[in-house]
Amino acid sequence: MRAIEQCACAWVEINVSVRDLTIAESIQARNKQAAERELLAASELPGLVYKPAIGAQAAYAMERRTAFEADRFYVKAIQ
């Protein structure tokens, strides 16, 4: 439920009934939710390194080379 995600309500019995949270409870729930998000964002797998696919690297290099050549052509054309 959207109200639970936004810390406006809490489950009394899970998937059965909910109740409105007080302002203090809502603030506490939001702080807990924010702390959990920070923990998830900061968690990394040690030793894991992202390496893009070789084909993607080659395509990116070709795209950058084409852009560089187009830029050089434009500079020469306006001189």
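Here are some notes:
- Residue within the stretch 24-41 that is over 28 Å from the mean Cα position of the chain (by Cα) and surrounded by fewer than 10 Cβ atoms within 10 Å (Cβ to Cβ) present: yes
- Only residues that are out of contact with any helix residue (DSSP H, G or I) (no Cβ under 9 Å at 6 or more places or on another chain) and either modelled with pLDDT of 90 or more or aliphatic (A, V, I, L, M) (or both) were counted in the stretch 30-51, giving 12.
- The C-beta contact set for the stretch 6-26 (first residue at positive phi, second residue not β-branched (Val, Ile, Thr), distance under 9 angstrom, 6+ apart or interchain) comprises Cys7/Leu21; Cys7/Glu25; Cys7/Ser26; Cys7/Gln28; Cys7/Ala29; Cys7/Arg30; Cys7/Lys32; Cys7/Gln33.
- Residue in the stretch 11-18 that is in contact with a strand residue (DSSP E or B) (Cβ under 9 Å, 6 or more places away or on another chain) and either surrounded by 10 or more Cβ atoms within 10 Å (Cβ to Cβ) or more than 27 Å from Met1 (Cα to Cα) (or both) present: yes
The values are calculated or read from the model by the stated rules, or taken from the named source; none is laboratory data. Computed from a prediction, not measured in an experiment: that's the story for all the values here. Here Cβ is always computed from backbone atoms with ideal geometry, including for glycine, and neighbour counts include all displayed protein chains.
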